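Taking it in order: structure first as structure tokens, then the write-up.
The values are calculated or read from the model by the stated rules, or taken from the named source; none is laboratory data. These numbers were taken from a predicted model, which means no experiment stands behind them. Glycine gets a Cβ as well: all are built from the backbone with ideal geometry, and neighbour counts include every protein chain shown.
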Amino acid sequence: MLPSTNKSEPLNGFQRYILCIHKILSYVAQILAYISAIALLLMVGHILLEIALRNFFNTSTYVLGEFVGYLTAAITFNTLAYAFERNILIRVHFILNAFSNKQRVVVALENTAILLTLGVVGMAIIYFWGSILRAYERGAVSETVAEFPMWIPEAAMLLGLIVFWLILFSRFTCAVAGISTAYINVNVPADLLPKSKTVVRG
């Protein structure tokens, strides 16, 4: 049985425990998203600095392409969990639409997709972990003037993958425990920072 979206709907002890864990993971995903937003601002600032240096001082930081690449990868991976939580990841709905009048089938398909994604992301985590260990043990650095340790950007990407995997697993556990996605959307805060209220003047 799936709980309704009513906030007053009672949950048993196990369901409350699972939902509490999911809330914590949701907060972690939001924090990573905010950090990614700051990283995006830093990336834009670096680009503007590079433009100014090249046009007015005939010089360069010589690492623009390298660090923009690192930040782009880190931002992409560390916003996956937040995008999934807010249901803004690109999804193909034509299969779900075919069973729109059969809620149990839709839930089963969504849970199957989550399980498959858990497997794929899990394999990616194992690969990244091995790559990071090799880069760290060998002292691998980039072939640029920065000589940046290669394990650092990979570790940033791994962090995003781990949080994404945990969010996926938590969402699947919620489904098994009988907590619907609709219930989660209502009872888990969408953002850490409160949104400003729009005042409509007549």
Worksheet item: Restricted to segment 78-104, and to residues that are modelled with pLDDT under 85 and assigned to a helix (DSSP H, G or I), which residue is surrounded by the fewest Cβ atoms within 10 Å (Cβ to Cβ)?
Response: F94
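Restricting attention to segment 132-151, which residues are without any contact (Cβ under 8 Å) to a residue 40 or more places away in the chain and β-branched (V, I, T)? Steps first, answer last, please.
Here is the first cut: in segment 132-151, the ones without any contact (Cβ under 8 Å) to a residue 40 or more places away in the chain are 132-141, 143, 147, 149-151.
Passing the criteria: I132, V141.
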Worksheet item: Exactly one of (1) in contact (Cβ under 8 Å) with a residue 24 or more places away in the chain; (2) of a type in the set (A, V, I, L, M, F, W, C); (3) surrounded by fewer than 15 Cβ atoms within 10 Å (Cβ to Cβ); (4) assigned to a helix (DSSP H, G or I) is unmet by L158. Its number?
Response: (3)
Practice prompt. Filter segment 53-73 for residues that are part of a helix (DSSP H, G or I) and among the aromatic types (F, W, Y) and give the result.
Written response: F56, F67, Y70
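Pull up segment 119-144, narrow it to residues that are among the aromatic types (F, W, Y) and surrounded by fewer than 16 Cβ atoms within 10 Å (Cβ to Cβ), then point me to the one that is nearest to L159 (Cα to Cα). So that I can check it myself, show each step before the final result.
So the first thing to find is which residues in segment 119-144 are among the aromatic types (F, W, Y), and the list is 127-129, 136.
When the remaining residues are screened for being surrounded by fewer than 16 Cβ atoms within 10 Å (Cβ to Cβ), the result is 127, 129, 136.
Details: Y127: 13, W129: 10, Y136: 16 Å.
Looking at residues that are among the aromatic types (F, W, Y) and surrounded by fewer than 16 Cβ atoms within 10 Å (Cβ to Cβ), I get W129.
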Worksheet item: Limited to segment 129-139, what total is found for residues that are more than 20 Å from L161 (Cβ to Cβ) and of a type in the set (G, A, S)?
Response: 1
Worksheet entry | Tabulated pairs, segment 19-41, first assigned to a helix (DSSP H, G or I), second of a type in the set (D, E) and loosely packed, with under 15 Cβ neighbours inside 10 Å, C-beta under 9 angstrom, 6+ apart or interchain | Q30/D191
